[in-house]
Every structure is written in C-alpha cells, then in structure tokens.
Amino acid sequence: QVQLVESGGGLVQAGGSLRLSCAASGSISSINNMGWYRQAPGKQRELVATITRGGSTNYADSVKGRFTIFRDNAKNTVYLQMNSLKPEDTAVYYCKIEVTTREYYVMDYWGKGTLVTVSS
C-alpha cells in the first residue's frame, strides 16, 4: 500500500556533499516521523537523523553540524543534506517513514537503501 523510493547516493570525495531523498506514495493519510539510518560494511544499522511532523530534529553525534534533515510535506518526501563528508560516512543509507494510512493505521516503512561512498 505504501512505497518508498530513495535516490541521491553515489561516490564523492572527502569534504564533498550529497543530498539524499526519499519519497513516499500509496495509501497515505499523513506522514508522522521520518528518519535516515545507515549501515556500514560489517556494522550494525544506526540512526543518523530524525524529524517530526512539526519539524523537530535529532542527529547522531557523528553527523551533527554536517548533516541536515528536512522534509516537504506536500510531496511526502524527506531529505538528508550531507556536507563535509568523511570516509567513515560510507554506508548504505535507509529512510524510514512513519505513515498513517487511509485506514488510520500507523505503520513504519523502510526504503531499500542507497549507497554512499566517500573516498579519501
């Protein structure tokens, strides 16, 4: 009923920037919290940033000051602007969107992931 499409990953040099996007479509009444997570090779998935419907944000210490999460509610889309990228940011990035469906059920949906590779 709900699908997420991620884009924006790629290869970038250290110090560069990328912007990730994640758009939701389907049987959506409203979108509540949204977030980005990442999983580096051989590591567990970790939270990167979250944003509430009202715009309150939370960031992992490792990205605070470099990454910005923001959303376009009209487009059901969440973005992650990544600046001053470091090699340790290399990971598959996943979006998660908490959706209230048209049937008024609240569910979490995950994107398939987009690979970000930062070279030194």
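Can you spot the aspartates and glutamates whose alpha carbon is less than 16 Å from residue 75's alpha carbon? Ignore those fewer than 8 places along the same chain.
Hits, sequence-local ones excluded: 6, 98.
What are the ³J(HN,Hα) values, in whole Hz, obtained from phi via the Karplus relation 6.51 cos²θ - 1.76 cosθ + 1.60 with θ = phi - 60°, for each residue of the stretch 64-70 in sequence order, with x given for Gly and Pro?
3J(HN,Hα) across the stretch 64-70, in whole Hz: 4, x, 10, 9, 9, 9, 8.
Once you have the Kirkwood Rh of the stretch 69-120 from its Cα pairs, apply Stokes-Einstein at 37 °C and 0.692 mPa s and quote D in µm²/s.
For the chosen part, D equals 251 µm²/s.
If the reach is capped at under 21 angstrom between alpha carbons, list the lysines near residue 86, excluding any in the same chain fewer than eight residues apart.
43, 64
Could you tell me the largest-minus-smallest coordinate of the C-alpha atoms of the chain on each of the three principal axes, in descending order and whole angstroms?
The principal-axis extents, from largest down, are 48, 25, 23 Å.
Return the long-range amide H neighbours of residue 67 (sequence gap of 5 or more, or a different chain), with a cut-off of under 5 Å between placed amide H atoms.
For residue 67, the qualifying residues are 83.
Please find, in a Gaussian network model of the chain (springs between Cα atoms separated by less than 10 Å), the residue of 34, 107, 82 whose mean-square fluctuation is greatest.
107
No value in this document is a laboratory result; all are computed from the given coordinates. Given the structure is predicted, the values throughout are model-derived calculations rather than measurements.
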